[in-house]
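Written out below as structure tokens is the structure these notes cover.
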Amino acid sequence: PAAPLWRRLAAMLYDSRLILALLMLASAAAFLIKGGAIDAHHPLFRLYLLMVVALFFCGFWVAGGQTLGMRSWRLRVQRRDGRLIGWWQALGRFLLAIPALVLGGIGLWWMLVDRERLALHDRLSRTRVVVVPK
């Protein structure tokens, strides 16, 4: 069955804590490499952090369909035919999720009116998030 909104939000909250820790480590690594001279507003530094986040999500989605937060809440992202998504589809899903979440979460609220309960980035990337049976 399609994952309900509350469950997806719970997994996102869990993953956001992991992402925060990962971004702190990535920033510390950049700090060490650059000898302490980091401009947090520099576009390349921001792109670097975005790539770290993209690799986190895409890597987990491609490897097993679940981030750690999704695993805790028994969710999995998959293609519409039930198979795991590939790298290009994962990257597309990630990039589509950014505006869907940043713009007031409109992409997630879309689930409330979608007949298949798909988020906007699910529909556009031809993926779905399902509840994994116990």
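Taking the square roots of 5 times each eigenvalue of the Cα gyration tensor of the stretch 57-134, largest first, gives ellipsoid semi-axes of 18, 14, 12 Å.
One quarter of the surface of the convex hull around the alpha-carbon atoms of the stretch 1-119 equals 8.1 nm², the direction-averaged projected area.
Only the Cβ atoms of Lys and Arg (+1) and of Asp and Glu (-1) were treated as charged; on that basis the dipole of the stretch 55-134 about its Cα centre amounts to roughly 280 debye. In a fully extended conformation the segment linking Lys134 and Leu84 would gain 16.1 nm over its present Cα-Cα distance, using 0.36 nm per residue.
Mean sequence separation of contacting Cα pairs (under 8 Å, at least six apart), scaled by the length of the stretch 1-90, corresponds to a relative contact order of 33 percent. Residues in the stretch 39-55 near a label at Leu22, defined as backbone nitrogen under 17 Å from the 7 Å Cα→Cβ point? Of the residues in the stretch 39-55, 46-55 have backbone N under 17 Å from the label point off Leu22. Over the stretch 1-62, with a single point scatterer placed on each C-alpha, what log10 of the ratio I(q)/I(0) does the Debye formula yield at q = 0.13, 0.15 1/Å? Taking Cα atoms of the stretch 1-62 as identical point scatterers yields -0.45, -0.56.
Once the chain from Leu13 to Leu47 is taken as fully extended at 0.36 nm per residue, the excess over their C-alpha distance is 10.0 nm.
Read the figures in this text as sums done on the coordinates, not as results from a lab. Quick caveat, the model's predicted, so the values are computed rather than measured. Counting neighbours? That spans all protein chains shown, and the Cβs are built from the backbone with ideal geometry, glycine included.
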